[in-house]
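Student: Once you've had a glance at the structure underneath, I'll fire off some questions.
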Amino acid sequence: MSVGPVPLAHGRRGAGVRPAWPAWCGRRGRRGAAGVAGGMRLAWPAGRRLAWSPAWPRLPAVIDSGLLDGDGRPVTLRAVDDDNWRAVADVAPRDDQRTWVAALAARYLLLSDRSEVWTSLAVYAGPDVVGHVMWGVDDDGSRWLGGMVIDASQQGRGVGRAAVRTLTDWLRRQDGGHPVRLSYHPDNQAAARLYTSLGFRPTGAHEDDELVVELADPR
């Protein structure tokens with residue numbers, strides 16, 4: 001969500017949106033992760049409604065894998081709270097990346113707030129909010145990433161790559177060895193390159209018109 005021109009934005013299961021908000025926020029939705037131009041489901045498939053469960057991973061104050069961006073800033077993930085939500089909501093990808101992601105991360109915050117499926121996180125580079133990503137747990141126990149958006153002004157520094165690695169590292173440390181998945185549109189070549197380089201491999205499944213990929217062992 002550095003991958004150079006990769007739009008740091010993805011998100012179905014959090015990912016890219018083509019239709020207007022009401023349409024893609026519905027039963028399945030799509031809008032990729034920003035910055036990383038990935039695409040993931042923003043909503044569960046028909047008949048699959050998962051509310052938060054106490055069995056879900058407990059979110060620490062800061063998720064930190066010790067990764068730095070190209071400027072040497074530590075990239076961390078933190079809860080969205082009263083102090084940072086406005087900065088997260090204002091995160092915006094480049095104009096040419098909006099085929100795959102929402103124009104503002106505020107849409108993903110609203111999805112997290114209303115869906116009871118996704119949990120939004122603020123992406124930090126040093127002390128600054130530079131992006132958004134979210135995660136959820138499917139009813140089969142698999143972990144999903146979505147809604148990845150890195151602000152246009154912060155792209156090209158490896159922030160998106162570090163954010164994805166940080167979140168997947170944390171999810172894979174949870175008990176149970178659950179698979180980590182996401183989805184993106186096959187035309188989104190920036191997302192395909194990024195996720196392939198991070199170890200995601202096709203499962204053979206599709207969500208609407210997006211490919212479902214899973215993080216392989218080892219990455």
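The values are calculated or read from the model by the stated rules, or taken from the named source; none is laboratory data. No experiment lies behind these values; they were computed from the predicted model shown. Cβ placement follows ideal geometry from the backbone for every residue including glycine, while neighbour counts extend to all protein chains displayed.
Residues are listed down the side, and each one gets a yes or a no for (1) touching a helix residue (DSSP H, G or I) at 6+ places or on another chain (Cβ under 9 Å); (2) assigned to a helix (DSSP H, G or I); (3) under 24 Å from V129 (Cβ atoms):
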site: A163; (1), (2), (3): no, yes, yes
site: D169; (1), (2), (3): no, yes, yes
site: Q174; (1), (2), (3): no, no, no
site: H178; (1), (2), (3): yes, no, no
site: S183; (1), (2), (3): no, no, no
site: A192; (1), (2), (3): no, yes, no
site: T196; (1), (2), (3): no, yes, no
site: P202; (1), (2), (3): no, no, no
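Student: Step by step: first the residues of region 131-165, then only those that are within 18 Å of R201 (Cα to Cα) and surrounded by fewer than 22 Cβ atoms within 10 Å (Cβ to Cβ), then the one that is modelled with the highest pLDDT. Which residue is that?
Tutor: Among them, the one singled out is R165.
Student: Can you find even one residue in region 119-130 that is at pLDDT 95 or above and among the acidic types (D, E)?
Tutor: yes
Student: Going through R94, R107, R18, R78 one at a time, which residue ends up being modelled with pLDDT of 95 or more and farther than 11 Å from G147 by Cβ?
Tutor: R78
Student: Can A105 be described as closer than 14 Å to V133 by Cα, among the hydrophobic types (A, V, I, L, M, F, W, C) and surrounded by 21 or more Cβ atoms within 10 Å (Cβ to Cβ)?
Tutor: yes
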